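As C-alpha cells, the structure follows; a few thoughts come after it.
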Amino acid sequence: MAQRVAVCISGRGSNLAALLAALGPDAPAEVVLVISNRAAAGGLETARAHGIATHVLADAGDPAEWLAVLSRHRVDLVVLAGFLALVPAGVVRELAGRMINIHPSLLPSFKGLDTHRRALEAGVRVAGCTVHFVSAEMDAGPIIGQAAVPVLPGDTPDGLAARVLQAEHRLYPRMLALVAANKVSTDGPVVRWQDTGNIEINQTNTLLSP
Ligand code: GRF
C-alpha cells in the first residue's frame, strides 16, 4: 500500500507539481493532502486540479491544528516543498523520521534564506540541493540525497536558482520514493541506504546532471 503523503507549500509549488508528475499509480507514495500557510499559494490550484484535498492553516504555529489535519487524512509522511513557515516543534517530534524537506543548497553549506546569492558571493564552483529529514534545528537534519549543479561564469542568483530548481524537480521524487519504500533509515545524524551503498548517492548525482 502506498504511503499517504501531505505536501506543505507556501508559494508556486513547482516541486509539488514535479512530485505529482513523477509519482505514478505504482509509486510507493501517494499525495493525499496539500497544506499551505498561505491561502494565495499558487500550488493550491495545482492540488485542486489534481483532485487532492487542501488545507490552509489558520495558525501555522499551532501543533494541535497540524496534528488534527494530518490524522484526519491518515498521513504517513510529510513533505516540505517550499514551505516558508516554521513547523511547530511538537509536530517535528511526532513525525521524526517521517518528515522531509528540500533545501536549495548543498547542506551543510548555506542554511537558511537567500542561498544562491550567498553561494555566488562565496565563490563556490558547485551548487545544488539537498533532501533531508526534518529535525528540531532548521536545515540540519540527516541528509538523504543531494544533486549538484555547476556554477557558470557570469551566473546571477536567479540563473543559478533556475538551474538548481531543475535538479530539485529530479531529486525530490526519487528521494521521496526511497523514504516511502523504507529504503533509508536514520542512524543518528547519518542516513543509511539499505539496499545501496553511499556510492549510489554519487551515481544518483551523475544521473541527475543535465
Ligand atoms: C525551492 O527552491 C525549495 O528548495 C525552497 O523553496 C523553493 C520552492 O519552490 N525551499 P516551489 O514552490 O516548489 O516552486
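The values are calculated or read from the model by the stated rules, or taken from the named source; none is laboratory data. None of these values were measured; they are calculated from a predicted model. As a convention, Cβ positions derive from the backbone with ideal geometry for all residues, glycine included, and neighbour counts pool all protein chains shown. For the accessible areas, the whole protein counts, side chains as well, though only heavy atoms, and no ligand, DNA or RNA atoms are used. Shrake-Rupley method; radii C 1.70, N 1.55, O 1.52, S 1.80 Å.
Here are the numbers for the structure shown:
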{"read-out": "Count - residues of the range 159-182 that are within 12 Å of the ligand (Cβ to nearest atom) and closer than 24 Å to residue 122 by Cα", "value": "9"}
{"read-out": "Filter pass, residue 13 being at positive phi, among the small types (Gly, Ala, Ser) and either free of Cβ contacts under 8 Å to residues at least 12 places away in the same chain or away from the ligand (no atom under 16 Å from the Cβ) (or both)", "value": "no"}
{"read-out": "Complete set of residues in the range 1-16 that are part of a strand (DSSP E or B) and open to solvent by 30 Å² or more (accessible area, probe 1.4 Å)", "value": "3, 4"}
{"read-out": "Hits in the range 111-138 (condition: surrounded by 19 or more Cβ atoms within 10 Å (Cβ to Cβ) and not in a helix (DSSP H, G or I))", "value": "127, 128, 129, 130, 131, 132, 133, 134"}
{"read-out": "Matching residues, the range 164-186, being open to solvent by less than 50 Å² (accessible area, probe 1.4 Å) and more than 26 Å from residue 75 (Cβ to Cβ)", "value": "164, 167"}
{"read-out": "Residue within the range 63-78 that is closer than 20 Å to residue 133 by Cβ and within 16 Å of the ligand (Cβ to nearest atom) present", "value": "yes"}
{"read-out": "Filter pass, residue 161 being modelled with pLDDT under 95 and open to solvent by less than 60 Å² (accessible area, probe 1.4 Å)", "value": "no"}
{"read-out": "Residues of the range 93-106 satisfying the condition of being more than 11 Å from the ligand (Cβ to nearest atom) and open to solvent by less than 20 Å² (accessible area, probe 1.4 Å)", "value": "95, 99, 100"}
{"read-out": "Residue among 96, 68, 47, 64 that is part of a loop (DSSP other than H, G, I, E, B) and over 14 Å from the mean Cα position of the chain (by Cα)", "value": "96"}
